Every structure is written in structure tokens, then in C-alpha cells.
């Protein structure tokens, strides 16, 4: 029998303070034992995947137009195991 490695996928949305509209092109770095990255799409939705289960910090950055970004949402059950 071969053991399968499990990976974690984190997803959510970035938003502006004033109207909570999505923020596109936000770079998200998931940092733990290794680094994993993703970028928000036109609606602000993002997914960072491929990380092994463990403790991580999710850090958003944006090269331009950063004023007003108020939150990066990670739903309570955003991380799940994917075989």
C-alpha cells in the first residue's frame, strides 16, 4: 500500500474598506516550512494550494493602489485536505 501525501488549499477574498468590493492582483504568500503563493483574481477571490498540513501565516501584498484594502477574508473552513 502506498501512502498519499495530503495538501492544504486556502481560499478566500480580498476587499476594499469602503464598499467591500474585491481587490484584484493581490499577491498572497503562505509561509511556514516552505513558501506557497497565489494572486487574487478580478473579483478579489484567491486560492493558495499545495502546502503540506501545518502552521502557516498568510500575508497579502499589493504593488499598487494599496490604500483602502481593509481585509483578506479566510472563511472558517477555508483550509481542507485534498488527497
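I need a count of the residues in region 51-83 that are touching a strand residue (DSSP E or B) at 6+ places or on another chain (Cβ under 6 Å), surrounded by 14 or more Cβ atoms within 10 Å (Cβ to Cβ) and either modelled with pLDDT of 75 or more or over 21 Å from residue 16 (Cα atoms) (or both).
Of the residues in region 51-83, 5 are touching a strand residue (DSSP E or B) at 6+ places or on another chain (Cβ under 6 Å), surrounded by 14 or more Cβ atoms within 10 Å (Cβ to Cβ) and either modelled with pLDDT of 75 or more or over 21 Å from residue 16 (Cα atoms) (or both).
Need the failing condition index for residue 25 against (1) at pLDDT below 60; (2) touching a strand residue (DSSP E or B) at 6+ places or on another chain (Cβ under 9 Å); (3) in a loop (DSSP other than H, G, I, E, B), just the number.
(1)
Residue under question is residue 43, and the condition is that it be modelled with pLDDT of 85 or more and in a strand (DSSP E or B); does it hold? Walk me through how you get there before you give the answer.
Numbers: modelled with pLDDT of 85 or more: yes; in a strand (DSSP E or B): no.
No; evaluated as a whole, the condition is false for this residue.
The values are calculated or read from the model by the stated rules, or taken from the named source; none is laboratory data. Only a predicted model underlies this, so the values are computations on that prediction, with no experimental measurement involved. Cβ coordinates were reconstructed from backbone atoms using ideal geometry, including for glycine residues, and neighbour counts include every protein chain displayed.
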